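Trainee: Before anything else, here's the structure in question.
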Amino acid sequence: LVIVLDFGGQYNQLVARRVRECNVYCEIYSYKIDIEKIKEMNPKGIVLTGGPNSCYEEDSPSYSKELFELGIPVLGLCYGAQLMMHVLGGKVEPAEVREYGKTDVLIDKTESKIFENVSTPTVCWMSHFDYISRVASGFEVTAHTADCSVAAAENEADKLYAIQFHPEVLHTVEGKTMINNFVKNVCGCAGAWKMDAFAEETIKTIREKIGGGKVLCALSGGVDSSVAAVLLSKAIGSQLTCVFVDHGLLRKNEGDEVENVFGLDGPYDLNFIRVNAQERFYEKLAGVMEPEKKRKIIGEEFIRVFEEEAQKIGAVDFLVQGTIYPDVVESGLGGESAVIKSHHNVGGLPDYVDFKEIIEPLRDLFKDEVRKVGLELGIPEQLVFRQPFPGPGLGIRIIGEVTAEKVKIVQDADAIYREEMDAAGMNRTVGQYFAALTNMRSVGVMGDERTYDYAIALRAVNTIDFMTAESAEVPWEVLQKVTSRIVNEVEHVNRVMYDLTGKPPGTIEFE
Ligand code: XMP
């Protein structure tokens, strides 16, 4: 185990992912974690992340000197590096020249364990306004840049390493090598943690925990709940019941696709209940224009439908949630008092389901790791690599009132868009893309007829964390083909537009 102490940096999760990519298990904790807890866990290494503060200011996040005296290797990154120096008696000051972006780093100590197989100069990602003006005693400077005399420093005897740049981001070309060097050369981790072992062990643990108990799962067809359901099914077979609510706001054919995989004719041993609640949702949404109100209605109705099904089943012992690691971290920074975000597909946690305990088989995994487990388990690729899809579904991709007719229009347009992106090989290179139905109608001409029909908006964005995004460059030919197919094949559409807005100021979805 390697632990990452989070000091509020924007790349904290990336650090943990990079460590795991070295096949070393890693968890993130808040910098507030008690030293005794760290001692109990006895990690093989500790990584301190970056953060937005200045370590010499009074209320800045800090850690006691004892952390560096445990004999456990520590790697400080950016703020973490500055903090290490500050706490151990070095000096950190505001930099005259702030460095931001790709920077050439010159390595002074090429035989450093951290820089094994790293070239010099090497391109690294810098982002700092403070700098280490004097290293703490026992440290030697191991790298510098034109503007920064201490780009890296180390105290080899005490296994303390400070790096001013960000090896965890991909712009640091040899960053992966550096992190791999830290966990293998310095911490001595074997790198034996793998996904196939995860699936096998999890199935075994679940089986032991559940015994003869009954388990209920709300299946959305998204990758997280699908992988969770398959793990459970492999562990306990028909003791598991999955309820899949088709709210009529899914993408084209999606309900049938989910049923084909999880239903009676699918390969898995479980009880599958599909609730066709389309009409019920359309009725509730009739005449409602306001986005937040729509979201609320969809969320609440979803819970009600799920509860009704659960009541038919009666008391169960466990409720399965597809919570994944970013949900856990975002909800409480992991650590001593990790508040579990009640992960859900649409609204919230059901109030009236009679269960004793929640089980979350994926709560230690990142999304890409969940996908790997999904593939290991033999879940179809189209499900494993499914586009992120919001709980309220097409309800927030139809601006204004939702009707069955509008759902059909946006489903058909979106299916064409996805087909053509697939054909162009872009389905996995763009972060998220979809069609939305604007509430705008305009005049057009088709054949010799005047038309007055809807406009479809196409959106494609690239994003790292879905908090910010930029519009993706989809080739003109692809957009033209999609446009021509949509206006020709989808009734009631006579115009197609491409949304170039980033987030901020836009959001990814339209409502
Ligand atoms: P926005 O529109 O907020 O979307 O920029 C960011 C990401 O979150 C997804 N999204 C949702 N996912 N329930 C979900 O499960 C929701 O209510 C919801 N709203 C937005 C959206 O698809 C994008 O990936």
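A short reminder: the numbers here are calculations on the coordinates, not readings from a lab. If you're wondering where the values come from, they're calculated on a predicted model, not measured in any experiment. Because the Cβ atoms are built from the backbone with ideal geometry, glycine has one as well, and the counts that use them run over all protein chains shown.
Trainee: Mind pulling the angle between the C-alpha long axis of helix 223-236 and the longest principal axis of the chain? Nearest 10 degrees, somewhere in 0 to 90.
Mentor: Its long axis makes an angle of about 90 degrees.
Trainee: Using a basic spin-label model with each label point 7 Å from the Cα along Cα→Cβ, how many nm lie between Glu290 and Thr120?
Mentor: 6.4
Trainee: Roughly what angle does helix 404-423 make with the longest principal axis of the chain, taking Cα atoms, 0 to 90 degrees, to the nearest 10?
Mentor: Helix 404-423 sits roughly 50 degrees off the main axis of the chain.
Trainee: Further question on the same structure: Can you check how the C-alpha radius of gyration of segment 28-77 compares to 2.2 N^0.38 Å, as a plain ratio? Could the numbers behind the result be given before it?
Mentor: Numbers: Rg = 11.2 Å, N = 50, 2.2 N^0.38 = 9.7 Å.
Normalised by 2.2 N^0.38 Å, the Cα Rg of segment 28-77 equals 1.16.
Trainee: Between segment 33-67 and segment 147-216, how many Å separate their Cα centres?
Mentor: Between the Cα centre of segment 33-67 and that of segment 147-216, the gap is 17 Å.
Trainee: Just to be sure I understand the curve: with the Debye formula and one point per C-alpha of the chain, what is log10 I(q)/I(0) at q = 0.06, 0.07, 0.10 Å⁻¹?
Mentor: -0.35, -0.48, -0.90
Trainee: Using only DSSP helix segments of four residues or longer, with each worth -39500 (n - 2.57), what per-residue ellipticity at 222 nm results for the chain after dividing by its residue count and rounding to 500? It would help to have the intermediate numbers written out before the result.
Mentor: On the way: 14 runs with 159 residues, N = 511.
Using -39500 (n - 2.57) per qualifying helix, the result is -9500 deg cm²/dmol.
Trainee: Okay, next question. Just to be sure I understand the curve: with the Debye formula and one point per C-alpha of segment 1-43, what is log10 I(q)/I(0) at q = 0.19 Å⁻¹?
Mentor: -0.56
Trainee: Which shape class applies to segment 159-258: rounded if a/c is under 1.5, otherwise prolate when a/b exceeds b/c and oblate if not, where a ≥ b ≥ c are the square roots of the Cα gyration tensor eigenvalues?
Mentor: Working: a/c = 4.17, a/b = 1.79, b/c = 2.33.
Note, shape of segment 159-258 comes out oblate.
Trainee: Highest first, please rank the peptides 460-473, 134-147 by the mean number of other Cβ atoms sitting within 10 Å of their residues. Each step should come with its number before you reach the end.
Mentor: Working: 460-473: 15.7, 134-147: 17.6.
Going from most to least packed, we get 134-147, 460-473.
Trainee: What number comes out for the charge environment of Ala199, summing +1 per Lys or Arg and -1 per Asp or Glu over other residues with Cβ under 11 Å away? Please list the in-between numbers first.
Mentor: Values: positive: Lys194, Lys204, Lys234, Lys372; negative: Asp196, Glu200, Glu201, Glu369, Glu376.
Taking every Cβ under 11 Å from that of Ala199, the sum is -1.
Trainee: Now for a different question. How do 46-52, 126-132 rank on mean C-beta neighbours within 10 Å, highest first?
Mentor: Values: 46-52: 24.6, 126-132: 20.3.
Packing proxy ranking, top to bottom: 46-52, 126-132.
Trainee: Here's something else I'd like to know. I need the fraction of alpha carbon pairs in segment 195-384 separated by more than 19 Å, rounded to a whole percent. It would help to have the intermediate numbers written out before the result.
Mentor: Numbers: 10713 of 17955 pairs.
It works out to 60 percent of all Cα pairs.
Trainee: While we're on this one: What number does segment 403-498 give for Rg over Rh if you use C-alpha atoms and the Kirkwood radius? Numbers along the way, then the final one.
Mentor: Values: Rg = 13.9 Å, Rh = 13.9 Å.
Using Cα coordinates only, the ratio equals 1.00.
Trainee: A follow-up question, please. What's the exposure ranking of Thr438, Thr403, going from fewest to most Cβ atoms within 10 Å? Write down the numbers at each step before the final one.
Mentor: Working: Thr438 19, Thr403 14.
Going from least to most buried by this count: Thr403, Thr438.
Trainee: Further, regarding this structure: By how many degrees, between 0 and 90 and to the nearest 10, does the Cα long axis of helix 476-489 differ from the longest principal axis of the chain?
Mentor: 20
Trainee: Could you give the alpha-carbon Rg of segment 2-186 over 2.2 N^0.38 Å, rounded to two decimals? Mind dumping the intermediate values first?
Mentor: Details: Rg = 14.6 Å, N = 185, 2.2 N^0.38 = 16.0 Å.
Normalised Rg, Cα atoms only: 0.91.
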